[in-house]
Structures are given as C-alpha cells and as structure tokens.
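Right, I'll just put the structure down here and ask away after.
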Protein chains: 2
Amino acid sequence: MSRKRLQKSADAPATVRTVAALAGVSIASASRVLNGIGGSTETVRRVREAAARVGYVPNAIARSLQARRTGLLALAVADIGNPVYVEMMRAIEEVAKRADYQLLVHATGADPEGETALLEGLARRYVDGMILSPLRIGDGHLTALGRSPVPVTVVGQLPDDAPFDNVRADSHGGVLLAIEHLADTGRKRIAFVNGAPDTLPGAARMTAYRAALTAVGLPYEEELVEIGDFQYAQGRAAAARLLARARPDAIFCANDLIAAGALHELLAGGLRVPQDVALVGMDDTALAEMSFPQISSVSLGAAERGRLAADLMLSRLENPQLAPRRETVAPTLTVRASSEVTL
Amino acid sequence: MSRKRLQKSADAPATVRTVAALAGVSIASASRVLNGIGGSTETVRRVREAAARVGYVPNAIARSLQARRTGLLALAVADIGNPVYVEMMRAIEEVAKRADYQLLVHATGADPEGETALLEGLARRYVDGMILSPLRIGDGHLTALGRSPVPVTVVGQLPDDAPFDNVRADSHGGVLLAIEHLADTGRKRIAFVNGAPDTLPGAARMTAYRAALTAVGLPYEEELVEIGDFQYAQGRAAAARLLARARPDAIFCANDLIAAGALHELLAGGLRVPQDVALVGMDDTALAEMSFPQISSVSLGAAERGRLAADLMLSRLENPQLAPRRETVAPTLTVRASSEVTL
C-alpha cells in the first residue's frame, strides 16, 4: 500500500489492539509481527493484512514501542554453567518458543545487588517479563519486585505473603527421601556435605537434614556435617575434611557436584562405594549418571519448575489481573549403584 | 522538556547520528538508550541531554526502529546443555556485556534446517548480529549467510573462500597432541571412539586420528575405531562394542562425554585406568576433572573461541566495511591421572 494511503488513515489512528482484533490474534502476537520480531507465517500474513486494512502507520509503531511488547522473556539465573539451570533453561525455552517468545538469558553470578539491578532495569521494559531464580532473596529483591512494571516469576523460596508468581522446589521433602532411603538400606551414620548455609538452598537443606534424621530415628552428630559451596572443588575438599575425622557409612550431598567430589575422595581413600560408604546426591543431573559408580540422586524437578514458571508467566502476560499463584514441585529419588547395597 | 518544543524542532529532523555525535557516544550506544534498552548511567544521561537539545522526537524513534539497532546479539548453538557451548556462551556473554549488548541464546538442536531458518529470520533484524556454531555447514547455511542483513560470525569450519567472519578450532592439531602424548607414554594400540562422522567435528577428528597415527609411526587398525555420537550414553555403548572385540592399551575419545562413557566401561570391565588402558578425552570440560580418575583432555579453547567471536562481531558492528577475518585457536593438552603412567 502507498505511503499516501498510510498517512491519510493516520487521522483515525489504528492501534495494535485494532490490528490484533481484526487479525484474530493476541495483542502480543500482533505487536511482535508489527515490531518485526516474528510469528508464524500465518500470523504474520494476517497481521500484515489487518495492518494494511486499518492503515496502521509508523507513528503507531512508535506508540506500540511505548507499550513495548517486545516478544522477549528474560531468564536470570545464578550460573548458566550449572546443570540444574541448564535443565531449567531448556524447559523454559521450549515453552517460550511454542508461544513465540525468544528467551534472553542473564547470568547473575548469584550477586544479590546484580539481581536487584536487573529487576530495577525492568523499568526500561526491554522484555515482557522475567523469570528469576535467585540463590538468596533479600529485602532488596522484594522492593525491586514490587516496583517492576513487567511481571516477574520467581523460581525459589519467596516469603509466603509476597504477592508474586512463585515456583518452589520441595527440598525438605527431597532431603527426607534421601535420608529415608539410606536408613532403609541399613545406614546408621549418615553424613551430610552441604553447600553454603547462608544461601536459601543451603539453609533449607541443613534444616531438612536434621529433621529427616529425627524422622528416621537417628541422632544428629555434628562431626558428620561438613560445609563447602555448591561446586565440585569445594565439595571435594569438604568431603576430605569429613573423612579425615569421621567414618560415616553414608554421605548425603547437597548437590551432584558435591557428590562427585565426595565420590572422588572416597575412592581415592580406598573406600568402596556403596559397600563401605553409600552416596546420594541432589538435583539428579547428567553428572550423577556419568559418574562411576553411578550416583543415586534426588531430583527437585528443575525442568518441571522451568516449565511451570514459563506457564505462569505466559498466563500472566495474557491476563495481568490474575491473583499471584504459587506452585510446588514434588521431589523424586533415583536409586543407582552408589547406594543400592543394603548393609 | 515540553511536547511543544519537541514538535517544533521536528522540522529539522534530528537523527540518532546527530544525538550520538552531540553526546560523544557511539551510534549504537545512543540508539540503545533511545530505544530504552540501556547503557551506563553516564551514557544515558548524555544521550538524553543531547536528544533533548536537538529535539529528537518519537518519529525519529520510528526511524531508528527501521535502522533497528536492537542492542541484542544472538548466539545459536546446537545444544545449550553441552559444557563446551556453556563455556563459549559464558565467554561471549562477558564480552557482549562489556559492550552493553544483551545476549539472546537459541538452541538449534544441531538441525541444519532450523539453523538455516534462524539465519533467514535475521531478515527481520530482531538482533544486531548473530554468532552461529553449527555442527555441519551445508550449502543452505552459506546461501542464508550471504543473504543476512546483519553480520553473522561463524564458530566452526567454514569453506576457505566463504566471505564471513570465522573462528576455528584446530581439532587436527588437538588430536595430534593427544596421540603424541599417548605414544610418548609407550602406548602402541591407541583406539579411537568418535562421535558422528558425518558432522564437521566427527569428520575432522577421524581424519586427524589417522594422520596422527602416521605421524607417530603407528599403524591404523580398523578394529580399534568405534563410532557413537557426541553424547555420554552412545559413547559408552560404542566403548563397550570396542572392548568386546579388541584390547587397546589406550583410548582416545572425540569428547569428554564419550570419555566418561569409556571410563565407565573400562572400570566396569575390571580394567585399570591408566595402568591397563590410558584414556584421553577432548574439550577439557569440568567433567574431565570431576571424573575419577581424572581424565586427561585436549582443549580446543571453547572460551577463547567465544571471546574471539564476540570481538570479531563487535568490531564488525562498529565498522561493517571490514574485510572478513578468520581466527584459529591453538589446542592445549592437560594431562591428568587417566594417562599419566608410562608403560
């Protein structure tokens, strides 16, 4: 259509809403097409035809730029190298892609100030929404969440009264699965190698470990607890410290990276796994399966949490008036060679 | 400043170039600020002041939308879960972030049609440039690369005469490092477990393995070669087939996932690593270090390739007239417990 026609119809300005209604697509889809970000062939065709019919003009593009439907979702995770986040990221990407959203990934390095800055950056509306998985949640996060002009879904432990969409893992139930399994196979001295206890996962797993011991009728012994971080090297060093002073018959580790480090120390020390010491990790990543012996591990459903977070985000983008929702994903335990012998 | 003032100055239209010059920042930076995508506090301040002074108006925003500086770079890799790509992604993200670009990550699933579609999608200019790391490069890729209106940097083996920025690994040199090391430690029957030989890495590593054997004066024996894919499970199955029919004194694997699978089969079969069979992997990922025994591995410099690709992209965005450049990253070998015994 000619430039002249475009300018003529601009007197009765057509909005993206008009175009979307005429094309029979959502406002988000129409906006993505009009912003040149994409859509299915059929959507693009219908939106362009509708835009042509109502004389949607560049000024309207500028208007829609202010409304800023970007077709982008951000995912902010502590560490894009962590297999848990990779799983979560893949699941989110899959859901987002089906809804024609592109995923923009931020690695925050678990820095609370960086995370808060990211949330504050949402004021620029460079994305339509953000899925945030922080290791710690502080007051800074909550304030920034409250100010965000675009929806944020938090994957992690938000305070119960925080009015934001929230997907949680049940790490308490997951730890209980591991400890019950070890107790069921006759283990009496179940050690625990934790990550940093001042992180949400670290604090939750510590509390859960003590509660689980009580649940299975075993005493809590301080010498059986060691702390590293959630990485391999520190986990391995923590396991070395533990084994230098105590002789557990099982080790439960707060994630699979720590478990791989503990396995290394056990085997290097001439201990047989699982005959001498059984081993259970957490997160059930590919690493658990790729170790020898393969490591039993509790899954907190990272992929499922990602899928749910993306679903919550998409529903909210469709209907911003929804009440905040919270979903909790149930843990599962996969028993492998590292713990399958009963004493 | 008032709406009135804006409209008055619009008669002498100010472009993003005018604003950038007045603010003393690059056009890309000015564009990002004007599009609400971001910039440092100082940049934002200067650009906004300059925009106000020259009376940069929403029509100009629409114009800049046509010029489409998005402040986004895309990274398309076969598999965001592969540790090699994670390393590359981290390095690219770091460089991009310093230049104030956000990274948008696509997982292509190594599907050549999907990759071609992504390249064709660049016609929509939803990003300022793309870094693509395909497993195979076909004619479809080259045609789509030639048509792209935004720069694409390819990490991988482009044909020598392809006029695109290209960062290559030296897998040939990397394989030679591994085979020389194994030969130096007295190994005579060095097996090879490859990934899919119809991929660029698979084909290159196969050719390099034969050439390296010749270089160290060892014969090529067909029974010492097995093929899986580049994943753990298939690599492990391939190693099992190999060990069922032959008795190598060393196994070189085309990546660390395959090497972890081979290690599993060796240990499960009661073979000692490295006393009976030495093992060397490729890519030098965290997995090599997290295995027990730790696996020697050749690095093809994934992080360095990512950094270089991002650097090439940023230079080209600054100066689109540059001649196509090609960089090759040198391989390195890290010797660990899995091959440190000399026969």
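The values are calculated or read from the model by the stated rules, or taken from the named source; none is laboratory data. Keep in mind it's a predicted model, so treat the numbers as computed, not measured. Virtual Cβ from ideal backbone geometry, glycine too; neighbours counted across all protein chains shown. Quick note on the areas: whole protein, heavy atoms, side chains included, nothing else; ligands and nucleic acids left out. Shrake-Rupley method; radii C 1.70, N 1.55, O 1.52, S 1.80 Å.
So, B:Ile251, is that one within 25 Å of B:Pro83 (Cα to Cα) and more than 14 Å from every other protein chain (Cβ to nearest Cβ) or not? It would help to see each step written out before you state the result.
On the way: within 25 Å of B:Pro83 (Cα to Cα): yes; more than 14 Å from every other protein chain (Cβ to nearest Cβ): yes.
It is true that B:Ile251 is within 25 Å of B:Pro83 (Cα to Cα) and more than 14 Å from every other protein chain (Cβ to nearest Cβ).
Go through (1) in contact with a helix residue (DSSP H, G or I) (Cβ under 6 Å, 6 or more places away or on another chain); (2) within 29 Å of A:Leu132 (Cβ to Cβ) one by one and return the number of the condition A:Tyr220 breaks.
(2)
Of the residues that sit in the stretch A:108-137 and are under 12 Å from the mean Cα position of the chain (by Cα) and more than 30 Å from A:Ala30 (Cβ to Cβ), which one is surrounded by the fewest Cβ atoms within 10 Å (Cβ to Cβ)? Break it down stepwise before answering.
Initially, the stretch A:108-137 is screened for residues under 12 Å from the mean Cα position of the chain (by Cα), giving A:130-135.
Now drop any that are not more than 30 Å from A:Ala30 (Cβ to Cβ), which leaves A:133-135.
Numbers: A:Ser133: 26, A:Pro134: 26, A:Leu135: 22.
The qualifying residue surrounded by the fewest Cβ atoms within 10 Å (Cβ to Cβ) is A:Leu135.
If you check B:Ala233, B:Ala191, B:Ala239, which single one turns out to be within 14 Å of chain A (Cβ to nearest Cβ), touching a strand residue (DSSP E or B) at 6+ places or on another chain (Cβ under 8 Å) and either part of a helix (DSSP H, G or I) or crowded, with 24+ Cβ neighbours inside 10 Å (or both)?
Values: B:Ala233 fails: touching a strand residue (DSSP E or B) at 6+ places or on another chain (Cβ under 8 Å); B:Ala191 fails: within 14 Å of chain A (Cβ to nearest Cβ).
Step by step, each of B:Ala233, B:Ala191, B:Ala239 is checked, and only B:Ala239 is within 14 Å of chain A (Cβ to nearest Cβ), touching a strand residue (DSSP E or B) at 6+ places or on another chain (Cβ under 8 Å) and either part of a helix (DSSP H, G or I) or crowded, with 24+ Cβ neighbours inside 10 Å (or both).
Can you confirm whether the stretch B:322-334 contains a residue that is farther than 18 Å from B:Gly202 by Cβ and open to solvent by less than 10 Å² (accessible area, probe 1.4 Å)?
Keep residues of the stretch B:322-334 that are farther than 18 Å from B:Gly202 by Cβ, which gives B:322-330, B:332-334.
Narrowing further to those that are open to solvent by less than 10 Å² (accessible area, probe 1.4 Å): none.
No, the conditions are met nowhere in the stretch B:322-334.
Does B:Ser31 fit the bill of being at pLDDT below 70 and among the small types (Gly, Ala, Ser)? Let's see the steps before the verdict.
Numbers: at pLDDT below 70: no; among the small types (Gly, Ala, Ser): yes.
No, not satisfied.
Conditions (1) at pLDDT 95 or above; (2) under 21 Å from A:Arg136 (Cα atoms), marked per residue:
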site: A:Asp161; (1), (2): no, yes
site: A:Val175; (1), (2): yes, yes
site: A:Arg189; (1), (2): yes, no
site: A:Glu223; (1), (2): yes, no
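Based on what the data block shows, is A:Gly156 open to solvent by less than 50 Å² (accessible area, probe 1.4 Å) and under 18 Å from the mean Cα position of the chain (by Cα)?
On the way: open to solvent by less than 50 Å² (accessible area, probe 1.4 Å): yes; under 18 Å from the mean Cα position of the chain (by Cα): yes.
For A:Gly156, the condition - open to solvent by less than 50 Å² (accessible area, probe 1.4 Å) and under 18 Å from the mean Cα position of the chain (by Cα) - is met.
For the stretch B:166-175, give me each residue that is surrounded by 21 or more Cβ atoms within 10 Å (Cβ to Cβ) and either assigned to a helix (DSSP H, G or I) or without any contact (Cβ under 8 Å) to a residue 40 or more places away in the chain (or both). Spell out how you get there, then give the answer.
Residues of the stretch B:166-175 surrounded by 21 or more Cβ atoms within 10 Å (Cβ to Cβ): B:166-167, B:169, B:171, B:174-175.
B:Ser171, B:Gly174, B:Val175, listed by residue number.
Report yes if some residue within the stretch B:260-282 is more than 10 Å from chain A (Cβ to nearest Cβ), modelled with pLDDT under 95 and crowded, with 18+ Cβ neighbours inside 10 Å; otherwise report no.
no
Has the stretch B:93-103 got at least one residue that is among the acidic types (Asp, Glu), open to solvent by less than 60 Å² (accessible area, probe 1.4 Å) and in contact with a strand residue (DSSP E or B) (Cβ under 6 Å, 6 or more places away or on another chain)?
So far as the stretch B:93-103 goes, yes, one or more of its residues are among the acidic types (Asp, Glu), open to solvent by less than 60 Å² (accessible area, probe 1.4 Å) and in contact with a strand residue (DSSP E or B) (Cβ under 6 Å, 6 or more places away or on another chain).
Return yes or no: is B:Gln294 under 24 Å from B:Val86 (Cβ atoms) and in contact (Cβ under 8 Å) with a residue 12 or more places away in the chain? Before you say what the answer is, go through the steps one by one.
Details: under 24 Å from B:Val86 (Cβ atoms): yes; in contact (Cβ under 8 Å) with a residue 12 or more places away in the chain: yes.
When the stated conditions are applied, B:Gln294 passes them.
Answer yes or no as to whether B:Arg245 is farther than 23 Å from B:Asp184 by Cα, among the basic types (Lys, Arg) and touching a helix residue (DSSP H, G or I) at 6+ places or on another chain (Cβ under 7 Å). Before the answer, list the steps.
Numbers: farther than 23 Å from B:Asp184 by Cα: yes; among the basic types (Lys, Arg): yes; touching a helix residue (DSSP H, G or I) at 6+ places or on another chain (Cβ under 7 Å): yes.
Answer is yes for this residue.
For the structure I just gave you, tell me whether B:Thr285 is open to solvent by less than 30 Å² (accessible area, probe 1.4 Å), at negative phi and β-branched (Val, Ile, Thr). Let's see the steps before the verdict.
On the way: open to solvent by less than 30 Å² (accessible area, probe 1.4 Å): yes; at negative phi: yes; β-branched (Val, Ile, Thr): yes.
In short, yes.
Turning to a different aspect of this structure: Search the stretch A:285-296 for residues being closer than 26 Å to A:Val329 by Cβ, within 14 Å of chain B (Cβ to nearest Cβ) and of a type outside the set (A, V, I, L, M), and hand back the single one that is nearest to the chain's Cα centre (by Cα). So that I can check it myself, show each step before the final result.
Our first condition is that a residue be closer than 26 Å to A:Val329 by Cβ; within the stretch A:285-296, this holds for A:285-291, A:294-296.
Checking which are within 14 Å of chain B (Cβ to nearest Cβ) leaves us with A:285-291, A:294-295.
In the following step, the residues that additionally are of a type outside the set (A, V, I, L, M) were identified as A:285, A:289, A:291, A:294.
Details: A:Thr285: 14, A:Glu289: 21, A:Ser291: 24, A:Gln294: 25 Å.
Restricting to residues being closer than 26 Å to A:Val329 by Cβ, within 14 Å of chain B (Cβ to nearest Cβ) and of a type outside the set (A, V, I, L, M), the top hit is A:Thr285.
Sticking with this structure for a sec: Could you list, in sequence order, all residues of the stretch A:87-107 that are over 17 Å from the mean Cα position of the chain (by Cα) and among the aliphatic types (A, V, I, L, M)?
A:Ala99
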